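Reviewing the structure listed below.
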Amino acid sequence: DIVMTQSPLSLPVIPGEPASISCRSSQSLLHSDGDNYLTWYLQKPGQSPQLLIYLGSNRASGVPDRFSGSGSGTDFTLKISRVEAEDVGLYYCMQALQTPCTFGQGTRLEIK
Amino acid sequence: EVQLVESGGVVVLPGGSLRLSCVTSGFTFDDHSMHWVRQPPGKGLEWVSMISWDGITTSYEDSVRGRFTISRDNTRNSLHLQMNSLRRDDTALYFCAKDRGALAPGYYIDSWGQGTQVTVSS
């Protein structure tokens, strides 16, 4: 199984400051079609997860452009250029290259 | 608008059985593979199972393989999870989720339901 490792697990951020979350996979997530099968989700308090970034670097519809995804192979990063209060919650990376699909442990972003 | 509505979660005794359902709308159901993902209380997301658009290909997380069975009814736009031999560590909020693709494995989950709570307790 592919193991997904996120860091940090807790991320206190001052509003307006940038934030960055790392996600590393135990195997390459690069598919033969050229895409990285790595997805980022945000689970706001009391809500279901919502799609942020798909295939490594594509922002989902309606996601603010302060969110960006980058990386390839085994190393990926989610960046928030300027954190806002509404960004608090748990951030997860997930790989869907092969089953069983697997999630990272989650990173809790909180406002300082 | 994509809608995924789960049902069937209850309190059940260890060793018992349960069938979860997910009724969908707002998209062409048989164009997409589907997943079940769970979240134990206070913990992170755990992928449970997925099924291809035609129901032919299924996949399971190791701890549920042999106990859980995923299925779908494309005539009723619904997804199901039959859960047998339930254990206390199956206690979780169970989410139905839609894949962007049709196959298994797919591309990525692009929509989630609100979840149904399963509690295994004596």
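The values are calculated or read from the model by the stated rules, or taken from the named source; none is laboratory data. A quick note: this is a predicted structure, and the numbers were derived from the prediction, not measured. So basically every Cβ, Gly included, is an ideal-geometry build from the backbone, and we count neighbours across all protein chains shown.
Here are a few things to note about the model shown:
- Among the candidates B:Leu20, B:Leu13, residue that is more than 13 Å from chain A (Cβ to nearest Cβ) and touching a Cys at 6+ places or on another chain (Cβ under 9 Å): B:Leu20
- Scanning the stretch A:78-102 for residues that are among the hydrophobic types (A, V, I, L, M, F, W, C) and facing chain B (nearest Cβ under 10 Å) yields A:Leu90, A:Met94, A:Ala96, A:Leu97, A:Cys101.
- Only one of B:Ile56, B:Ile109, B:Ile51 that is free of Cβ contacts under 8 Å to residues at least 12 places away in the same chain and farther than 20 Å from B:Val10 by Cα: B:Ile56
- When A:Gln105, A:Gln47 are checked against the criterion of being facing chain B (nearest Cβ under 9 Å), surrounded by fewer than 18 Cβ atoms within 10 Å (Cβ to Cβ) and under 22 Å from B:Arg100 (Cα atoms), A:Gln47 stands alone in meeting it.
- For the stretch A:50-59, taking the residues that are surrounded by fewer than 19 Cβ atoms within 10 Å (Cβ to Cβ) and not small (Gly, Ala, Ser), the one that is farthest from the other protein chains (Cβ to nearest Cβ) is identified as A:Arg59.
- Yes/no for B:Leu93 being within 11 Å of the chain's Cα centre (by Cα), assigned to a strand (DSSP E or B) and within 14 Å of chain A (Cβ to nearest Cβ): yes
- B:Leu103 vs. criteria in contact (Cβ under 8 Å) with a residue 40 or more places away in the chain, part of a loop (DSSP other than H, G, I, E, B) and within 12 Å of chain A (Cβ to nearest Cβ): yes
- The residues of the stretch A:76-86 that are more than 13 Å from the chain's Cα centre (by Cα) and either surrounded by 19 or more Cβ atoms within 10 Å (Cβ to Cβ) or under 24 Å from B:Gln39 (Cβ atoms) (or both), listed by number, are A:Val83, A:Ala85, A:Glu86.
- A single member of A:Leu42, A:Leu11 is under 26 Å from B:Lys43 (Cα atoms), within 14 Å of chain B (Cβ to nearest Cβ) and surrounded by 13 or more Cβ atoms within 10 Å (Cβ to Cβ), and it is A:Leu42.
- Whichever residue in the stretch B:106-121 is over 15 Å from B:Ser33 (Cα atoms) and among the β-branched types (Val, Ile, Thr) and, among such residues, is nearest to the other protein chains (Cβ to nearest Cβ): B:Thr116
- From the list A:Gly16, A:Gly73, A:Gly89, A:Gly62, the lone residue that is crowded, with 18+ Cβ neighbours inside 10 Å and at pLDDT 95 or above is A:Gly89.
- Sole exception among (1) farther than 25 Å from A:Gln105 by Cα; (2) modelled with pLDDT under 95 for B:Gly106, by number: (1)
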